[in-house]
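First up is the structure itself, then whatever we jot down about it.
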Amino acid sequence: MEDQNNQPSRPQIPIWGWILFILAIVLVVQLYSSGQIFGNQEEFNAAEVAELLKNDRVEKMTVNGNRVLIEVKGQEEAVIWEKDAQSNIYEQLEYYGVDGSVWQDFPNLITPDGSRWDFLINMLFTLGPILLIIWIFSRGFRQIQGGGGNSIFGFGRSRAKNINDGDRPTVTFDDVAGVEEAKEEVQEIVQFLREPERFIQVGARIPKGVLMVGPPGTGKTLLARAIAGEAGVPFYHISGSEFVEMFVGVGASRVRDLFNKAKENAPAIVFVDEIDAVGRQRGAGLGGGHDEREQTLNQILTEMDGFDKDTNVIVIAATNRADVLDPALLRPGRFDRKVIVDLPDIKGREAILKVHGRGKPIAKDVDMADWARLTAGFAGADLENLVNESAIFAARRRGTTVTNTDIQEAFDRIVIGPERKSRVMDEEQKELVAYHEAGHAVAHFYLPNADPVQKVTIIPRGRAGGYVMTLPSDRAVETKAWFEDRIAIALAGRASEEVFFGQVTSGASSDLQQATQTARMMVTRLGMSDELGLPVYGEEQGSPFLGRSISSRDYSENAAARIDAEVKEILERNYARVKGLISDNRERIIKLVEKLIEVETLDRPTFEAFMNAA
Ligand code: ADP
Ligand code: MG
Ligand code: ZN
């Protein structure tokens, strides 16, 4: 659909197809010449044929194995003689009185044509079945490889061709919705590709690599294609997962081919999908790295390092797991730009639904804003799926427009159906998450030593229902009051659940963990507890095996008990404090929750304006 320069290739007839074709033609010719197809000739016996010959009535005899076609003078229809297989024509006819003089007088009477055909036909009939079997087998193999594509036969010319031919996407930024920040960030890349001179002139280094991070189906591939589409440059696509099961060396050579092609056709975009499949931290885990992955990754890095200052090829990589990537990938001059492509919020979902509703006969009373509200947690791909399924439902009932009922049915099918990949929050859950996050956010706002809130959202991320993002300070040291507030903020979600619902949920588990860690650190490392004083408890050690620090215990049982008690006391004190704060601000939190349910995400200015106004 987006391929412009890739002409659809004509279907190729395999060599086996040709052989079968020829076989069929030969068969027809053979049947024709033996008179089996055209007309039912009269059958003569040897005596009758001998009679014809003796009376000089034979025009021509064509021999086909044991079958002889005899054209009789002055007679339209030929006759057939099925000769005895044991002896030849001459002997048989001689028995009936045809002597050698006939053959001497008319040397061209017998055409050996048929016997030549005979040879060919015999050969084809012997070889045919064998060829047929080979053909069937080879087809079977192709089907087996068809799925995975990584088999022994898989990396032949045709495959390399598929991969290495860039296409020129026609998608534009208009087709990508709900990820405005990401779009804005990549705008610059389009400029780089369009007018590289402008940047080179002022000595700016053109970025080589952009890493797109986000959950599956949020439009990373789409956005990368849209960049190529906007800039009008070819798009070369490879996927990290393709290399995982390959033979050593194949991945690297394919990467080399791909980059060469891209450089020839620069400006161009190379898109490396699922880079985490090859770009996982090397040497991590037991059993060492996977050779092929490592070589492929090294080749990608080598190619990128080898770009000249003015090589106008931009490498875009996508992953949903930035945390596992090899740090070598993220070094300056490689994938040093990171673009977050997150799940869309309510406005974003509405925009995406509208993009995919374009050109579809959506009924007038369908309000995409309503559907956006009901689809919290859906990624762009899920929304596209929703619109498509709705259209299918409409078509199935032979409707002319897509109605709310169609969308509802599609929605039920996606959410309840087995193929559901992402979760959707129901209203009740949304409210619970909103109260929890509002608790955190309000604590941030009112506690004097807290960092400001950067973003509050009730869109799920990973296992968290929602989250409050803060703007961390750049202070090198923090006060004890800051730590106390930090603990209070961490506990605020749980406190809010208790104040408003009178019950608690499992949603606070990581909050509790964080609060406990902070409290323990205050007591054992930072000397911030009057009860335990200044000593550091436990020696911190870097572990070469786990790659993170663990502490070994070098203090008494008694001290351990006192530490536990003190940590508990700090947590309880701060929990009581933040619960009081939340109770005091009931009205404001209720309003904030309403707002959150409505828009799902508040950025810093909106949040602060709301809190100051409310
Ligand atoms: P990802 O690469 O992040 O897994 P894709 O780009 O492959 O996601 O998205 C799959 C499909 O879902 C796209 O082709 C598009 O139809 C739809 N889609 C995903 N995100 C968006 C979006 N932000 N706007 C419009 N359509 C989207
Ligand atoms: Mg993708
Ligand atoms: Zn929380």
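The values are calculated or read from the model by the stated rules, or taken from the named source; none is laboratory data. Source: prediction; values computed, not measured. A quick note on method: Cβ atoms are made from the backbone with ideal geometry, for glycine too, and the neighbour counts reach across all protein chains shown. Just the protein is used for accessible areas: all its heavy atoms, side chains included, with ligands, DNA and RNA removed. Shrake-Rupley method; radii C 1.70, N 1.55, O 1.52, S 1.80 Å.
Report the FRET efficiency, 1/(1 + (r/R0)^6), for Leu120 and Val72, where r is their Cβ-Cβ distance and R0 is 30 Å, rounded to 0.05. So, using R0 = 30 Å, E works out to roughly 0.60. Applying a threshold of 26 Å to the alpha-carbon distances of Lys347/Lys579; Lys480/Lys591; Lys220/Lys595; Lys364/Lys595; Lys354/Lys430; Lys354/Lys591 flags Lys347/Lys579; Lys480/Lys591; Lys220/Lys595; Lys364/Lys595; Lys354/Lys591 as lying beyond it. Counting every Cα pair in region 161-340, what percent are over 27 Å apart? In whole percent, the share of Cα-Cα pairs in region 161-340 beyond 27 Å is 21. Compactness of region 165-261 was expressed as the Cα radius of gyration divided by 2.2 N^0.38 Å, which yields 1.21.
Peptides 65-76, 261-272 ranked from most to least packed by the mean count of surrounding Cβ atoms within 10 Å: 261-272, 65-76.
Express the relative contact order of region 427-613 as a whole percentage, based on alpha carbon pairs under 8 Å and six or more residues apart in sequence. Result for region 427-613 is 27 percent. Residues within the reach of a label modelled at Thr400 (point 7 angstrom out along Cα to beta-carbon, backbone nitrogen below 16 Å), restricted to region 339-375, are 360-365. Applying 1/(1 + (r/R0)^6) with R0 = 30 Å to the Cβ-Cβ distance of Glu195 and Leu330 gives a FRET efficiency near 0.65. The alpha-carbon atoms of region 346-415 define a convex hull whose volume equals 72 cubic angstrom per residue. Quantify, in whole percent, the carbon and sulfur part of the accessible surface of region 427-613 (1.4 Å probe; protein heavy atoms only). After summing per-atom areas, the C and S share lands at 51 percent.
The stretch between Lys364 and Trp103 holds 84.6 nm of extra length on full extension. This uses 0.36 nm per residue minus the Cα-Cα distance. One compactness figure for region 427-613 is 1.11, namely its Cα radius of gyration divided by 2.2 N^0.38 Å. Averaged over residues, the count of other Cβ atoms within 10 Å places the peptides 433-439, 215-221, 46-52, 451-457 in the sequence 433-439, 215-221, 451-457, 46-52, highest first. Counting only protein heavy atoms and a probe of 1.4 Å, the accessible surface of region 161-340 is 45% carbon and sulfur. Label-to-label distance for Ala561 and Leu534 is 2.7 nm, based on points extended 7 Å past Cα in the beta-carbon direction. Across region 356-377, the residues whose backbone nitrogen lies under 20 Å from the label position 7 Å along the beta-carbon direction of Thr170 are 356-361. In this simple spin-label approximation, Thr302 and Thr606 carry label points 7 Å from Cα along the Cα→Cβ vector, and these lie 4.9 nm apart. Remark: region 79-94, residue by residue, has Karplus-estimated 3J(HN,Hα) of 10, 10, 10, 8, 7, 5, 6, 5, 10, 7, 4, 4, 4, 5, 6, 4 Hz, where x stands for each Gly or Pro and the curve is 6.51 cos²θ - 1.76 cosθ + 1.60 at θ = phi - 60°.
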